[in-house]
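The values are calculated or read from the model by the stated rules, or taken from the named source; none is laboratory data. Since the model is a prediction, treat every value here as computed from it, not as a measurement. Positions of Cβ are generated from backbone atoms using ideal geometry, with glycine treated the same way; all protein chains shown enter the neighbour counts. Heads up: the accessible areas ignore ligands, DNA and RNA and are worked out on the full protein's heavy atoms, side chains in. Shrake-Rupley method; radii C 1.70, N 1.55, O 1.52, S 1.80 Å.
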Amino acid sequence: MDLSIFYAQLFGLYFLIVGVLVIAKHKVLPELARSFAQKTAILYFAGTFTLLLGLALVLSHNIWEYSWKGVITVIVWLTLIKGI
């Protein structure tokens, strides 16, 4: 399987699942976000994991095309930037 197709499926399912959960749990999310922001160790771990994931994604998929593969590359770079 082409790596671009794999990432498209992975991100597509991730965005779909997270979107449904946000809609279903919209009343609980503000309190969850406040609780998460107060835990410095969890924030550091999440940032470190996101940085590692972003680096792995950028190294494996850095295809700058004017197509859907370019959209995947932008998402990959945004993941890295979020981790930084």
I42 paired with L29, simple spin-label distance in nm, labels 7 Å along Cα-to-beta-carbon: 1.7 nm
Selection of trypsin sites (Lys or Arg not before Pro), segment 1-62, meeting DSSP coil and at most 14 other Cβ within 10 Å: K25, K27, K39
Calculated from backbone phi, Karplus (6.51, -1.76, 1.60) coupling profile of segment 12-23 in Hz, x at Gly/Pro: x, 5, 4, 5, 5, 5, 5, x, 5, 5, 5, 5
Whole-number percent relative contact order across the chain, with pairs defined as alpha carbons under 8 Å at least 6 apart: 33 percent
Estimated inter-spin distance, V22 and F49, nm [label 7 Å along Cα→Cβ]: 1.9 nm
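Scanning the chain for chymotrypsin sites (Phe, Trp or Tyr not before Pro) in DSSP loops with at most 13 other Cβ atoms within 10 Å, what's the longest stretch left with none?
Working: sites that count: W64, Y66.
Between exposed loop sites, the widest span is 1-63.
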Within a Gaussian network of the chain (alpha carbon springs, distance under 10 Å), most fluctuating of G70, G47, G19: G19
Cβ-placed point charges (K, R +1; D, E -1), dipole of the chain about Cα centre in debye, nearest 20: 360 debye
Carbon + sulfur, % of accessible area of the chain - ligands and nucleic acids excluded, 1.4 Å: 76 percent
Listed residues T73, L10, L32: farthest to the positive end of the dipole of the chain (Cβ charges): L32
Karplus (6.51, -1.76, 1.60) ³J(HN,Hα), θ = phi - 60°, over segment 42-48, in Hz, Gly and Pro reported as x: 5, 4, 5, 4, 5, x, 5
Heavy-atom accessible area per residue - the chain, 1.4 Å, Å²: 78 Å²
